[in-house]
């Protein structure tokens, strides 16, 4: 079965140029493209409003529009449509302007052979598809965060209501109070203790405290009683009680020694906190589910980037692992290490704006191409800044190419002005990139990578971060994950 032809909307007011485009597509990919030709911007907008198209070629000089005004009008109304600009001259600023506007590429009239025209259109569709997928993934992440936040708010409200009801109860009834001798025999108790444990007063009076103890062995229980009897101050602890029907209760107990007529007694007050603990566990479970959802979405974004640039597949995951290891060595707690892992997975997400042929180019990059590569730091920040992470993920994406001496980009920040997480990411990024294979060179190996950051410690890279990295690899046997 033949593939479905690609639907192309061609906006070109010059019949000769339009004919050349259609002939180029027919020559290189017979039956691969179906072209709809219009001469005015207004006609193009009308077509897009009523018909589906896979990609668009747009001239910059039209009867009812000139320059980037036409493409801008189309992008504003149809942001998901891949678009390639047709221009009569090769101007270096054209690519930058097109990318900033949200277009995918541009072609110069009369200088693009049929193969280039076809390849450019297909690459435009691929890049825009990945960009749209990333936007959808971000939208899904924001929706999941909103849903989980709403769930947590409901749980917190239920917990607050439960506590308020408990407080109302306590205003009208005391906790489960009981008085023991030092051996653990019940000498006196409140009616509320009977209610809590499900026994009658007659069943509890004179009984041993072990009757409802569900926490300790007999020796452990006697040790607890002995410590209470020996201590003058009040003691508070958590334990578990067993009701007459076998139900286990979580309780908070407050105990104090009493001296009465020369006799040492133990005064204890027990509060049932079973429901509170259950609610706490539910909240913790929901937080863990939220963390899992965030990481799943981060993984989606990472896979999308790897599908687009297979030559660096695994780069983000390896950088994330190295950064987290450095953070752990520097004393970061588990939460902050998790933030480094997430930031590592997403630090290069802005490369979605860079054409695939530049990412995989085997030779030296030109000035404009390098400028487009540099744009990925700002683009990554723009994508991530509205996602409410509990860590500075967007800032790390923006700053991971800044250098301590101010020689980095995009802002030329220096020293402490650079976020510590970004300084860690910079070292991890360089070590992984130099160690791994790239289209333009073979992997240089870990020794040369470590020599690079060691030589740049204090100038390009944070000296403390570099020392932590060197210690991990050279003294602690750390190796880059496969």
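Please treat every number below as a calculation from the coordinates, not as lab data. It should be emphasised that the depicted structure is a prediction, and the values quoted were computed from it without experimental measurement. When we count neighbours, we look across all protein chains shown, and the Cβ atoms used for this are built from the backbone with ideal geometry, even at glycine.
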Report the FRET efficiency, 1/(1 + (r/R0)^6), for residue 459 and residue 367, where r is their Cβ-Cβ distance and R0 is 30 Å, rounded to 0.05. 0.75
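By its C-alpha gyration tensor, with a ≥ b ≥ c as the square roots of the eigenvalues, how is region 1-86 shaped: rounded for a/c under 1.5, else prolate for a/b larger than b/c, else oblate?
On the way: a/c = 2.20, a/b = 1.37, b/c = 1.60.
Oblate, since a/c reaches 1.5 and b/c is not below a/b.
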What translational diffusion coefficient, in µm²/s and rounded to a whole number, does the Stokes-Einstein relation yield for region 173-272 at 37 °C and a viscosity of 0.692 mPa s, taking the hydrodynamic radius as the Kirkwood radius over Cα pairs? 244
Quick one: what do you get for region 201-253 if you divide its Cα Rg by 2.2 N^0.38 Å? 1.21
In whole Å, how far is the Cα centre of region 184-217 from that of region 12-31? 93
Extending each Cα 7 Å along its Cβ direction at residue 482 and residue 69, get the distance between those two points in nm, one decimal. 6.0
Suppose a student asked you for the relative contact order of region 6-129, using Cα pairs under 8 Å spaced at least 6 residues apart; what percent would you report? 26
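Highest mean first, what order results for 251-262, 8-19, 418-429 on Cβ atoms within 10 Å? Let's see the in-between values first.
On the way: 251-262: 14.0, 8-19: 18.0, 418-429: 24.4.
My ranking of the peptides, most packed first, is 418-429, 8-19, 251-262.
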Could you order peptides 216-222, 122-128 by the average number of other Cβ atoms within 10 Å of their residues, highest first? 122-128, 216-222
Could you list 208, 347, 376 in order of exposure, starting from the residue whose Cβ has the fewest other Cβ atoms within 10 Å? 208, 376, 347
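Express in nm, to one decimal, how much length is gained between residue 233 and residue 417 on full extension, taking 0.36 nm for each residue of separation and deducting their alpha carbon distance.
Values: separation 184, 0.36 × 184 = 66.24 nm, distance 5.14 nm.
Gain in length upon complete extension: 61.1 nm.
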Once R0 is set to 35 Å, what does the formula 1/(1 + (r/R0)^6) return for the Cβ-Cβ distance between residue 240 and residue 264, expressed as a FRET efficiency to the nearest 0.05? 0.85
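Please list 398-411, 60-73, 315-328 highest first by mean number of surrounding beta-carbon atoms within 10 Å per residue. Don't skip to the answer; put the middle values down first.
Details: 398-411: 19.6, 60-73: 16.4, 315-328: 23.5.
In descending order of packing, they fall as 315-328, 398-411, 60-73.
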